[in-house]
1. Straight-line reach from K158: which lysines have Cα under 18 Å away, leaving out those fewer than 8 places along the same chain?
2. With runs of 4+ DSSP H residues as the only contributors, calculate the mean residue ellipticity of the chain at 222 nm using -39,500 (n - 2.57) per run, divided by the residue total and rounded to the nearest 500.
3. State the extension gain, in nm to one decimal, for the chain segment bounded by A98 and L75, taking 0.36 nm per residue of separation less the distance between their alpha-carbons.
4. What number comes out for the charge environment of A32, summing +1 per Lys or Arg and -1 per Asp or Glu over other residues with Cβ under 12 Å away?
5. What does the charge add up to near K149, with Lys and Arg as +1, Asp and Glu as -1, over the other residues with Cβ less than 13 Å from its Cβ?
6. Once the dipole of the chain is set up with Lys and Arg at +1 and Asp and Glu at -1 on Cβ about the Cα centre, which of A122, A4, G144 lies farthest towards its positive end?
7. Order of 106-117, 163-174, 204-215 by packing, highest average Cβ count within 10 Å first?
8. What FRET efficiency do you get for A172 and L64 if R0 is 41 Å and r is their Cβ-Cβ distance, rounded to the nearest 0.05?
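Where a number appears in this text, it was derived from the coordinates with a stated rule and is not lab data. None of these values were measured; they are calculated from a predicted model. Using ideal geometry, Cβ is built from the backbone for each residue, glycine included, and neighbour counts are taken over all protein chains shown.
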Amino acid sequence: MRIAAAAVLIPLAVAIAYAGGWFWVALVTLAAIGLFVEWLAIVGLAGAVRVTVPGVVALAVAGLCFAIGRLDAALIVLGVGFVAVVSIAPERRNWAAAGFLYAAAAEIASVLVRLDPVKGFAALMFVLLIVWATDSGGYFAGRGIGGPKLWPRVSPKKTWAGAAGGLAVSLAVAVGFAAFDLGRIGPLLMLSAALSVVSQLGDLLESAVKRRFGVKDSSHIIPGHGGLMDRLDGFVAAVVVAALFGLLRGGADGVGRGLMVW
């Protein structure tokens, strides 16, 4: 079931990423809304409709603003949404605020990385492939080698061998991109290593939040995989860091170029 779901979802995600524009923004917006709803469920605020509604509305309206090219309006809407969530949350206000920031950061970063019409798709695929390679490499290295646990109190199954294996496989992604003349090997290797580590930290962060509230899966929306947070935790961390880095080098409309062109 896990393999079958991945065989369907991965090509679909790549096709939508390639199409870009409204298609990608719509997918990202739906994912961000799902992340926010799942976060609230994990922290015990699933029934807090007055918290859920303003957060979902803000993420949806921001998505519309992104789709028509109004980045400034999207940021304003998300800012208003954050204030609304924080003001209305009856309890666990800090957790509700953190969940909205988590979803909003994922939405903003995912849109910005793909925004560049020339390098956006390559940059987005670079991030996605690093996350997938890290996840797969970590799984097989961890199962095959075993050894000391990475952080047993938070994630009992993860090992240092798995972390090293995921990092090693992610470097192969950089080599592949350089081989196809999509970037310089040196910078891509450093970037892939950084994003691989960040991806694993994002995975551990989600595990820590779930363990804090005694939750095994964020939901059961994806057969064999659990919830959106269970599948996107590493990607969210990696794409946010990638977007920040690309933003510093290429500006808001050149995040993809900032990541891939050296």
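1. In chain and number order, the partners are K149, K210, K216.
2. Counting only the DSSP helices, I get -26500 deg cm²/dmol.
3. Between A98 and L75, full extension yields an extra 6.6 nm.
4. Within the 12 Å Cβ shell, the charges total -2.
5. Numbers: positive: R153, K157, K158; negative: none.
After counting each charged neighbour, the total is +3.
6. Result: G144.
7. Sorting 106-117, 163-174, 204-215 by mean packing, highest first, produces 106-117, 163-174, 204-215.
8. Values: r = 38 Å, r/R0 = 0.94.
With R0 = 41 Å, the Cβ-Cβ based efficiency is 0.60.
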